[in-house]
Amino acid sequence: MHNHPTPKFSVITVTYNAEAVLEDTIQSVISQTYRHVEYIIVDGASKDKTLSITDRYKNHIAQVVSEPDKGLYDAMNKGIRLATGDYLCFLNAGDSFHEDDTLQQMVHTLTGSELPDVLYGETALVDKEGHFVRMRRLSAPETLTWKSFKQGMLVCHQAFFAKRALAEPYNLKYRFSADFDWCIRIMKKAQTLHNTHLTIIDYLDEGMTTRNRKASLKERFRIMAQHYGWISTAAYHAWFVLRAVLKK
């Protein structure tokens, strides 16, 4: 029997006034049957009960940082700097692992002694009560490469576990879609991207505000153009661009 790898996962949750949804996320992390987990919470100096919730669970949380930050991705960069695990997993407040043994199941899908550069899987959308709504509209490709995201973000950021050794900081010039750019940059460097064929994350489906959605799509277009070239990006979005022009 060959030795099964036992990677350590750094799970990072960024919070700001998240008292309504944080507890479920914490419980989902600390009830994982797999033990090699480091849980890090990066809070942006919340004014609500967020910190009294983290306090209740402090024996299970490796680090809690609470201080003002320059937004979500700045806080995520802090999380990367604090992490010591083999893999990074960004779990937002309100999201949770699909099962109590999700990490264990993920590790069971690993064969051989080398750890893949990226682990990925599927995402289920859930409502505020945690009830299943539907699977995410974009599903993970059988084989993932850095070119896969030409078709959009086929793997949800939360279900994309990157080796910490490959991770770079999020680019703070993107306010809404820095995770899209981050995943592409990591995939460009990755040798092995491992499909776990598992549903990994229950994603709290709250929907983005329409205003942010527009800004986010514009940013995505810029990111795609940067990585895949203007021409192919414009061609892919031709209908999208045409519609925008017609609407003017």
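The values are calculated or read from the model by the stated rules, or taken from the named source; none is laboratory data. Model, not experiment: these values are computed from the prediction. No Cβ is skipped: glycine too gets one built from the backbone with ideal geometry, and neighbour counts run over all protein chains shown. The accessibility values were calculated without ligands, DNA or RNA, using every heavy atom of the protein model including side chains. Shrake-Rupley method; radii C 1.70, N 1.55, O 1.52, S 1.80 Å.
Count Lys and Arg as plus one, Asp and Glu as minus one, and take only other residues whose Cβ is under 13 Å from that of LEU166; the net charge is then +2. Average accessible surface for the chain: 52 Å² per residue, computed with a 1.4 Å probe over protein heavy atoms with every protein chain in place. Packing around the peptides 199-206, 26-33, taken as the average count of other Cβ atoms within 10 Å per residue, puts them in this order, highest first: 199-206, 26-33. Rounded to the nearest 20, the size of the Cβ-charge dipole of the chain about its Cα centre is 1480 debye, with Lys and Arg at +1 and Asp and Glu at -1. Remark: the ASN171-HIS36 segment gains 45.7 nm on full extension, using 0.36 nm per residue and subtracting the alpha carbon distance. Simple rule: put +1 on each Lys or Arg Cβ and -1 on each Asp or Glu Cβ in the range 34-188, find the dipole, and look at HIS157, ILE61, PRO116; the Cα lying farthest toward the positive end is HIS157.
When each of the peptides 178-191, 43-56 is scored by the mean number of other C-beta atoms lying within 10 Å of its residues, the order from highest to lowest reads 178-191, 43-56.
When the chymotrypsin sites (Phe, Trp or Tyr not before Pro) in the range 8-53 are filtered for DSSP coil states and for at most 10 other beta-carbon atoms within 10 Å of their beta-carbon, no site remains. Over all orientations, the range 69-215 has a Cα convex hull whose mean projected area works out to 9.3 square nanometres. Comparing ASN17, ASN77, ASN59 in a Gaussian network model of the chain where C-alpha atoms under 10 Å apart are linked, the largest mean-square fluctuation is found at ASN59. The ratio of the alpha-carbon radius of gyration of the range 34-152 to the globular-protein estimate 2.2 N^0.38 Å is 1.22. Apolar share of the accessible surface for the chain: 52 percent from carbon plus sulfur atoms, 1.4 Å probe. For the listed peptides 112-122, 89-99, a ranking on the average number of other beta carbons within 10 Å per residue, highest first, reads 89-99, 112-122.
Which of the following values of log10 I(q)/I(0) by the Debye sum over Cα atoms at q = 0.10, 0.17 Å⁻¹ was calculated from the structure shown: (i) -0.54, -1.24; (ii) -0.40, -1.32; (iii) -0.48, -1.41? Among (i) -0.54, -1.24; (ii) -0.40, -1.32; (iii) -0.48, -1.41, the one derived from this structure is (iii). Could you let me know the centre-to-centre spacing of the range 21-47 and the range 80-140, using Cα atoms, in angstrom? That distance is 13 Å. Pairs over the 20 Å Cα-Cα cut-off, from the set LYS147/LYS188; LYS8/LYS163; LYS49/LYS78; LYS173/LYS218; LYS78/LYS150: LYS49/LYS78; LYS78/LYS150.
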